[in-house]
Each structure stands twice: as structure tokens, then as C-alpha cells.
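Single-structure report; data block below.
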There are 2 protein chains.
Amino acid sequence: MKDFWYECKHVCKQTGARYGILHTPHGDVETPMFMPVGTLATVKGISPEQLKEMGSQVVLANTYHLWLRPGSDIVRDAGGLHQFMNYDGPILTDSGGFQVFSLGKTRKIEEEGVTFKSIVDGSKLFLSPEKSIAIQEDLGADIIMSFDECAPYPCTHDYMKNSVERTLRWAKRGQEAHKREDQALFGIVQGGEFADLRELSAKTLVDMDFPGYSIGGTSVGEPKPIMYKMIEDSVKWLPEDKPRYLMGVGNPIDLIEGAMRGIDMFDCVLPTRVARHGALMTHHGRMNINNEKYKRDFTPIDDKCHCYACRNYTRAYLRHLHKCDEIFGKSLLSIHNVAFLLDLAADIRKAIQEDRLADFKEEFLEQYGRDVYERAF
Amino acid sequence: MKDFWYECKHVCKQTGARYGILHTPHGDVETPMFMPVGTLATVKGISPEQLKEMGSQVVLANTYHLWLRPGSDIVRDAGGLHQFMNYDGPILTDSGGFQVFSLGKTRKIEEEGVTFKSIVDGSKLFLSPEKSIAIQEDLGADIIMSFDECAPYPCTHDYMKNSVERTLRWAKRGQEAHKREDQALFGIVQGGEFADLRELSAKTLVDMDFPGYSIGGTSVGEPKPIMYKMIEDSVKWLPEDKPRYLMGVGNPIDLIEGAMRGIDMFDCVLPTRVARHGALMTHHGRMNINNEKYKRDFTPIDDKCHCYACRNYTRAYLRHLHKCDEIFGKSLLSIHNVAFLLDLAADIRKAIQEDRLADFKEEFLEQYGRDVYERAF
């Protein structure tokens, strides 16, 4: 794929983290990066112009959700996701696998694919590697994912081995089915907490020569040390000249710990989801805008933040909007949280280039609070 | 009040409608104008920057709602509404009367004021002319309203006469209580459908010499011909050199019919409220974005509209967002409807200056549909 490649520009002497440029058909982006999630072709409450202003690079959309609503044929007929949602930067879609498997007992996994019920209307649906690729070709993102099973945590070595081997066969089928020249199809490393299965998964995928590799099956309930080991057990088999994407991870500290382990791309619904409930990430740690003490606090959410919400509105106003369930409040809080993670990724890139990511991590923990390891964010 | 005055610039030779400039402490605005409603210090789903971009001039906020949440003392301590909501254009607040009286049987009217229950927590509240002014002084809008009774429609001449006389005594008490030099306090003409009471109300208020006059008690269920007559029965007693505000009216045709009867200011929650349910005003009449036929319609809502939503998004995308209950969809549809009424007011001003408002009305009805007289919009 000629329009897509990764260029490592600098490796942090203190940590081994890498700063790089990812070239995509919709422009170059800097890594490590945080990718805001626009599940249904909209990052909830944030306009494309606001995303750009915040320094957003790649935006994610969910295959499963868009397949059901409005339907991938409609997105295709609109000219693809970029046109449909009016975002001219790079877009990434997942494979639908994670959503299908998180449905639990309502689905049935077979070699051919997965049968499950629609969350929208309860109808019976079938997703396979070929089908997932076909949908993602309709959606037209720059970066797309292989259809994989995201196995539960914990599970037995036997279950995981079977799952990994099937996911590898699915990756092969997806690769064969994929025809669009303007999309980079990533392979997804699975294997849970089992180092031998991570190795099997990574090595097999690397042999298949994907333009990028994702790490799946993390952030599914395992303790942080296990997650970090899963990353290490995967990354060590991946080539230096390809991008690495840690799927579904957006706890601030995990961006730093992930980057230190060689991760280039992160995504998570966390910043927008918690914002809609009034929970905020700040340079001074977590805060909840519902707190009575912000009632007449006329300072911004975060004095170190330069987002639209922090430049223009006070905690008292944001608390008022949130208490009254106002749309604009949800937008402003979402903007702040997404800006926080985009800025954190930018700070990580700077620290890598200055060979001081370990120092940066200490400074971050000092400000944010060391209990971030025990919390969702 | 030296910073507030109305200047009539042109009277339409065809209709008698007037084009003018209203000078306020937060800038000059052109009339006739539509004023978007920001009940709780936010025009639902629309940022101040977007309002400005759409040509919004005066924005309205509701005294009753802000008194309950977050509390007028908090808005005062924030530096007033302009600072609190970050809108540097002129702001208007109502008196709280309309909301209190729309509570129906749960309130008790006495000469001193009105006792009623809070919609937020059920607590017992009391609002009087002096209290309404005190709250509005805290909120700090440029234009504020006298506390009035908005009597039900229909009601007897006896009830209305009592009500109008009390409202006139309340207007006097409010005028005496009002101290801020940077706020224009309007008197409100009431009297329902009774020409003699409209005359009594208007003449008494004019004797009291307010910097502007509102017309209340319309759009409360009466047929349109009766509403238009209420306007005529009120306006004819009002001075040429003061602005006239028709409260709570936002049906497109009523902006035209109102302007033709000498009205300068209009406001209504209609555009944002119906937008949140997918109902849109367009140059081709009403449309509902939920309609199946827009599923793969990749044209804008309204090809004659230049709002942000129409410049950037298709009906198919907006329908999708609306179906999925996405915040961004509510924002885009609200932006379109508010822009439609702001643009309509601009078109009315142009037609007045060109002495062709009656012709414009015919052209509008031809496009929008003549059934607009029978509908909410």
C-alpha cells in the first residue's frame, strides 16, 4: 500500500519509546497518538472542526454500529465515512469483533464466523472475516482491522489457543478478501495473558506482512501489570517499521506506559463517555463537575488546559449546564476530556523527542495522583 | 437610559412595517429581529460562536429558570449573564411571569405577588414585581421585563380587567424598584382579546414612559386572526420612537405578519424545541428528518440555506444522527432552525427597506405553503 507507511523519527534514550510519523491517504499524523472514538460517525458532542482545533489526527468509527445504523451501503453511497461525517483527516475502523464478542451468550462462534442478535432490532446477524472486510471497504476508512475474537479474561490456555488459531485463520481470510488499495489492513495480536500464544499470534501475523499491527484483548478486566506484560509479550515480536496500535486503551497513565513499551496508537471511548456523566481528567487529577464545591467556582476546569471549554467557561457554568442536562454542557465536558488526552499524547511525543519520557511519567504522576493505576482514569 | 434607544430608519411604503436600529449597552442590533431563546443561559445545542456566525443579535434567557438553577446570586457573582454564558451581544430576560402563570392551579395570585411551587424541588416560592426586578438586576441583561400576569385564553372581560389593572400596578412597582442604569425595563401590554383593555394597558404604560414595550398574552391558544388583532389593538397606542416586542412568537408567518403590524422584536423556543424532535423549517416548508425518504438523500436540508448544517451535512447523515439520538445531530438541527428564523428576519428587514414586504409575504407563502397559518410552524 503505497500511501501508508510508518517512519520512526526518534527513540527515547530513557525508555525506548518511539516518536514517528504515520503517513496515510488522508495526511500524515504524529505518533504516539490518541484517537478519539466516533462510534456512529460522530465523536459524541464534538464537531469535526472542534476536533481539528484540538489537534485530533486519526478518528475512529465502529464497524458494528455503522453496519446496523445507518447501514454500510448508505455510508458507501455517501462517498464513504470521510464524506458522510465530513472529517477529512485519517479514519480508522475496527472489525466489529469486539462488539460481537462482548454480547456474550447471545452469540455463536463457528469457523465460518459468528452468529448473533442485533442490539437495534433483535434480528439475527452473521459476521465473518470476509463480511467484516466488505463492510469496512464500504465504510472506506484509511486504516481497517482484521476480524478477530476478543476472548474473555480470564480464560484457559486451551480456550485461548483455539481462539488465537482461529483468529489467525480469520486474519488470513480477511487479508485475501481485502481488495481496496487505499486502506491499510492491520493484523490483531491476541493471546490473552499467555506469552507463548502472544508469540504465536504476533509471529504468524508478521509472516503475513500486514502494514500495521494491533494488540487486542487488553483492558478487558485484567490488572494493569498483566496488561503491561501482554503489551511487552506482543510488541517484542513486531517489526520496527510498522505502526502498533493498542486497542481500546485510554487511561492517561496507560498512554504513557504503553508508549514506553513501544505503542504508537491508542483509542478509547472513555473521555467522552465519562464526560457525559460529569467526570473530568485534569492536570491535577480527576474531578467531578457535579461536586457542590464548584457551584460558585469561576475558574476553568483545568488551569493548564487550553481547550475551548477551559478558555471560555467556568466550573460554575459547566456545573450548571451539567446539572440541567444541557446538550452544550455535554459537548464542553467532552471537548475538555478529549483535548486532555490529545494534549497528553502531544506531551508524550515531546518527552520522547527530548529523551525524558521516564521523567515525564514521574512528573505526571506527581500532579495527577499515583492512584491512577487503580482507577479507570 | 442613555445607552439604549430605538431609531426608526425606514417605514415600508407597502405595509407600514419598520426597519430600525436598537442601540444597547452590548451593541447595536437591527430590527425586526428574531431572538433565540437560551432558557438556562444556553441556546440548547448551540455555542455563542455559532450564534454569532448565524447572525444572532439579542439572545433571551429566562428569569424563572435561572432563579431556580443555578440561582441568580451565582449568575451575579459570575459577573452577570454575559460573562456567565460567554455571550457578549445584547441579552434580554423575561420577568418570570409567563412561567409562573403557566403553572396553573399550583399558584396563588395576590396583590403583593404570586406564591407557587418550584418545578425543580417542589419548594414554595414567591415572586413579586420587586423580586422579579431584583433577580433580573442580578442576571444583568440589557433588556428586562416588568412582572406581569399572562392571563389564560379565553377568559372573561371581568377577569382580564382585574388582571390588567393589577399588572399595571405591578409595572409601576417594578419601575420604582429598578435601579440599574444599564438595563432597559420594558412595560408589557396585556388585555387579551379585549380592545378596550389593550388600550387601557398600553396608554397607562406609555404614560409611565418605558424605554420599550412588550405585547404579552398572545400565542396562548387563540386563533391567528385574533392574535393579529391583539397586536393591532396594542401597537396603535405605542410611541414611534420606542421598540415593540411581541413575546413568545416564532411561527415564520407570524414574524412577517407581526412586522407588518409594526413589531420589532420576536422570540420563541420553537426552532430549538422542534429541532430536537427532528422537525425542520425550510424554504420549501416543513420537513421531518425522520422520514424514511431521507435515508439516502445526500443533499442538504435546505438548498437555499447557508447555515453550518446545510453547508456541511446531508439529510442522510442528519437523519442517521437523529435516529441514533446523537448530541451532534440535535445541535445541527437546532442550528438550522435558528438560522432559518434569523435569515427570515434579515429577509424581512431587506423587504421593508425595499418597500415590498407584502410582496415578500406572498413569495414566502408560495414557497413555504399557505397552511402555515394553521400550524405551529
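Quick one: what pairs do we get from the range B:111-130, first residue farther than 21 Å from B:ASN162 by Cβ, second hydroxyl-bearing (Ser, Thr, Tyr) and not in a strand (DSSP E or B), C-beta under 8 Å, 6+ apart or different chains?
B:LYS117/B:THR106; B:LYS117/B:SER123; B:LYS124/B:SER118; B:LEU125/B:SER118
List every residue pair whose Cβ atoms sit under 6 Å apart, with the two residues 6 or more apart in sequence or on different chains, where the first one lies in the range B:203-221 and is under 12 Å from B:GLN175 (Cα atoms) and the second, anywhere, is surrounded by fewer than 20 Cβ atoms within 10 Å (Cβ to Cβ) and among the aliphatic types (A, V, I, L, M).
Partner pairs satisfying both residue conditions: B:PRO211/B:MET1.
For every residue, the table says whether it meets (1) assigned to a loop (DSSP other than H, G, I, E, B); (2) hydrophobic (A, V, I, L, M, F, W, C); (3) at positive phi.
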| site | (1), (2), (3) |
| --- | --- |
| A:ASN162 | no, no, no |
| A:LYS172 | no, no, no |
| A:ASP182 | yes, no, no |
| A:PHE186 | no, yes, no |
| A:THR204 | no, no, no |
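B:ALA316 passes all but one of (1) part of a helix (DSSP H, G or I); (2) among the small types (Gly, Ala, Ser); (3) touching a Ser or Thr at 6+ places or on another chain (Cβ under 8 Å); which number fails?
If we test B:ALA316 against (1) part of a helix (DSSP H, G or I); (2) among the small types (Gly, Ala, Ser); (3) touching a Ser or Thr at 6+ places or on another chain (Cβ under 8 Å), just (3) comes out false.
Do you know which residues across the range B:309-343 are surrounded by fewer than 22 Cβ atoms within 10 Å (Cβ to Cβ) and more than 14 Å from chain A (Cβ to nearest Cβ)?
Of everything in the range B:309-343, those that are surrounded by fewer than 22 Cβ atoms within 10 Å (Cβ to Cβ) and more than 14 Å from chain A (Cβ to nearest Cβ) turn out to be B:LEU342, B:ASP343.
Please identify the pairs in which a residue from the range A:322-339 that is without any contact (Cβ under 8 Å) to a residue 12 or more places away in the chain has its Cβ atom under 8 Å from the Cβ atom of a residue that is assigned to a helix (DSSP H, G or I), counting only partners at least 6 apart or on another chain.
Qualifying pairs under 8 Å: A:PHE328/A:LEU321; A:GLY329/A:LEU318; A:GLY329/A:HIS320; A:GLY329/A:LEU321; A:GLY329/A:HIS322.
Which condition number does A:VAL249 fail, the rest of (1) within 14 Å of another protein chain (Cβ to nearest Cβ); (2) buried (at least 21 other Cβ atoms within 10 Å of the Cβ) being met?
Looking at each condition in turn, A:VAL249 falls short on (1).
When the residues of the range B:2-55 are narrowed to those that are within 14 Å of chain A (Cβ to nearest Cβ) and closer than 18 Å to B:ARG244 by Cα, which ends up surrounded by the most Cβ atoms within 10 Å (Cβ to Cβ)?
Only one residue tops the list, namely B:PRO36.
Among the candidates B:TYR228, B:TYR245, which residue alone is of a type outside the set (Asp, Glu) and within 17 Å of B:ASP148 (Cα to Cα)?
After ruling out the rest, the residue left standing is B:TYR245.
Just to check your reading of the model, which residue among B:MET85, B:MET145 is buried (at least 23 other Cβ atoms within 10 Å of the Cβ), at pLDDT 90 or above, within 14 Å of chain A (Cβ to nearest Cβ) and on the phi < 0 side of the Ramachandran plot?
Selected residue: B:MET85, the only one of B:MET85, B:MET145 that is buried (at least 23 other Cβ atoms within 10 Å of the Cβ), at pLDDT 90 or above, within 14 Å of chain A (Cβ to nearest Cβ) and on the phi < 0 side of the Ramachandran plot.
Within the range A:92-115, restricting attention to residues that are part of a helix (DSSP H, G or I) and β-branched (Val, Ile, Thr), which residue is surrounded by the fewest Cβ atoms within 10 Å (Cβ to Cβ)?
Per the stated criteria, the residue is A:THR106.
Identify, by number, the condition in (1) closer than 24 Å to A:LEU66 by Cα; (2) modelled with pLDDT under 95; (3) not acidic (Asp, Glu) that A:GLY221 doesn't meet.
Tallying (1) closer than 24 Å to A:LEU66 by Cα; (2) modelled with pLDDT under 95; (3) not acidic (Asp, Glu), A:GLY221 fails exactly one: (1).
The values are calculated or read from the model by the stated rules, or taken from the named source; none is laboratory data. For clarity, every value in this text was computed on a predicted model and none was experimentally measured. In this analysis, Cβ positions are derived from the backbone assuming ideal geometry, glycine residues included, and neighbour counts consider all displayed protein chains.
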